[in-house]
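Some notes on the structure that comes next.
We did not get these values from a lab; they are worked out from the coordinates using the rules stated. These numbers come from a predicted model, not from an experiment. We place every Cβ from the backbone using ideal geometry, glycine too, and count neighbours over all the protein chains shown.
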Amino acid sequence: MGVTRKLLRLLYQPYRLLVLIPMSVLATCFFVALGVVIIFLFNDRVAHRTTGVWWSRFISYITPIRVKVIGRENIRNDRSYMVIANHQSQYDILVLYGWLGINIKWVMKSELRKVPVFGYAGEKGGNIYVDRSSPEALRSTLEGARSKIVGGTSIIMLPEGTRSRTGELGEFKNGAFVIARELNLPILPVTITGTRRILPPGGWDVFPGTAVMTILPPIEIDGYGEDRLNELKVRARGTILAELAAQGEGKRES
């Protein structure tokens, strides 16, 4: 890290501690509560396009970060997708919510439904809580998800399962591809770069920067039966890995 960047990071610390973090916490509570009200008055789609987007952009603007979007022409607003993205930072969530430009439902572990306020808001927002306690419970979850992917509403998952601690693209888990196959959703690969330098994993050492979200062409799942699930997963991961490599990311940082 150069001397100038070290000095800028030092000067940024009072703002980060006294303004950014408190304002982010307050904004999250405010927009979650407002989102619940909008869901009751209208529906979860309106809530996503208002409070979901406002929340993510507000925190991004006060950080501040700049977001550049590439490949928006690869999305059709009348289609539903299984959106998958690499995951290097908590700011990935803000970028996806604020700039993807489509109605999305997150797939979450059923345990998160028990988190006070946020679990309730997530459920009312139409997000999908996956119950993996038995095959019957998972099947019921998928049937419930099927009713939510109408009118261009998409499902989103981060198939690495957790943030990359090294900068490398992690191995993908099967869940997103099982759900995509069961619900007949094309895979929409997305890469996000730059967020690791804005907020690295393992703390709140935030620093302003630029994030780039690249929306890649969809992968149709026709022909990928249960016996070809791993092939679909490898293809999707390879697509994201190739784009990260083209942008000079996705490799271990020294």
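Want the number for Cys29 to Phe118: 0.36 nm per residue separation, take away the alpha-carbon distance, what's left?
Between Cys29 and Phe118, full extension yields an extra 31.2 nm.
From the helices alone, meaning DSSP H stretches of at least four residues, give me the mean residue ellipticity at 222 nm for the chain, per-run term -39500 (n - 2.57), in deg cm²/dmol to the nearest 500.
-12500 deg cm²/dmol
Just how far, in whole angstrom, is region 1-65 from region 82-108 if you go by their alpha carbon centroids?
After rounding, the separation between the Cα centres reads 15 Å.
Towards the positive end of the charge dipole of the chain, with charges on Cβ (+1 Lys, Arg; -1 Asp, Glu), say which of Gly52, Leu8, Gly151 has the farthest Cα.
Of Gly52, Leu8, Gly151, it is Leu8.
Can you order the peptides 21-29, 50-58 by their average number of other Cβ atoms within 10 Å per residue, highest first?
50-58, 21-29
Counting C-alpha atoms alone, how compact is region 196-254: give Rg to one decimal and Dmax as a whole number, in angstrom.
15.7, 45
Go through Lys6/Lys109; Lys68/Lys233; Lys68/Lys173; Lys6/Lys173 and tell me which ones have a Cα-Cα distance over 30 Å in this structure.
Lys6/Lys109; Lys6/Lys173
So, in nm, how far is label Asn74 from label Asn43 when the simple model puts each one 7 Å beyond its Cα toward the Cβ?
2.9 nm
Within the chain, which DSSP H helices have Cα atoms that stretch 15 Å or more along the helix axis and a mean Kyte-Doolittle hydropathy of at least 0.0?
Span-like helices, by this rule, are 21-41, 229-246.
Please give the charge dipole size of the chain, origin at the Cα centre, charges +1 on K and R Cβ atoms and -1 on D and E Cβ atoms. Round to the nearest 20 debye.
Charge dipole of the chain: 760 debye, to the nearest 20.
Which of the following values of Cα extents along the principal axes in Å was calculated from the structure shown: (1) 67, 39, 30; (2) 54, 44, 35; (3) 52, 43, 42?
(2)
How large is the dipole of region 75-179 about the Cα centre if only Lys and Arg carry +1 and Asp and Glu carry -1, each at its Cβ, rounded to the nearest 20 debye?
200 debye
Which whole-number percentage describes the relative contact order of the chain, with Cα contacts under 8 Å and a sequence gap of 6 or more?
It comes to 24 percent, rounded to a whole number.
Mind putting a number on the dipole of region 1-62 about its Cα centre? Charges go on the C-beta only, +1 for Lys and Arg and -1 for Asp and Glu, and I need it in Debye to the nearest 20.
Rounded to the nearest 20 debye, it is 340 debye.
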